[in-house]
Amino acid sequence: MTTGEQKLWRAVLEMAYADAELPECNEQIAARKYLRGDTPHEEGNLILVCEFADLPVDRVIPWARRRYPLAA
């Protein structure tokens with residue numbers, strides 16, 4: 001069963017996903033970088049959010065990197 005706090009952190013991830021699906025704009029770019037964990041800072045924040053949401057970060061990052069590949 002998920003707790004209220006876990007639901008809150010899952011909502012944070014859901015919002016990042018929604019932003020990542022927007023047409024190209026600053027929010028979309030930032031959300032994709034965050035979900036991919038492009039920088040140590042973004043990856044560290046994502047690890048914490050996934051931990052709080054009780055979701056496996058080792059599945060979130062690879063999924064995001066496949067879904068939102070870096071431009072060549």
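Bear in mind that the values in this text are calculations on the coordinates, not laboratory data. These numbers were taken from a predicted model, which means no experiment stands behind them. Note that each Cβ is placed from the backbone with ideal geometry, even for glycine, and that neighbours are counted across all protein chains shown.
Things to note:
- Exposure proxy order (Cβ contacts within 10 Å, fewest to most) of Lys33, Lys7: Lys7, Lys33
- Phi-based couplings in Hz for the range 57-65 (Karplus 6.51, -1.76, 1.60; Gly and Pro marked x): 4, 5, 9, 5, 5, x, 4, 5, 5
- Each label point was placed 7 Å from the Cα along the Cα-to-Cβ direction; for Asp54 and Leu8 their separation is 1.5 nm.
- Residues Leu55, Leu35, Leu8 arranged by fewest to most Cβ contacts within 10 Å: Leu8, Leu55, Leu35
- Cα-based helix-to-principal-axis angle, 40-53 vs the chain, degrees rounded to 10: 30
- Charge dipole magnitude, Cβ of K and R +1, D and E -1 - the range 16-61, Cα centre, debye nearest 20: 80
- With neighbour counts taken as other beta-carbon atoms within 10 Å, the residues Cys25, Cys50 rank, fewest first, as Cys25, Cys50.
- Taking the C-alpha atoms only, the angle from helix 26-36 to the longest principal axis of the chain is near 60 degrees.
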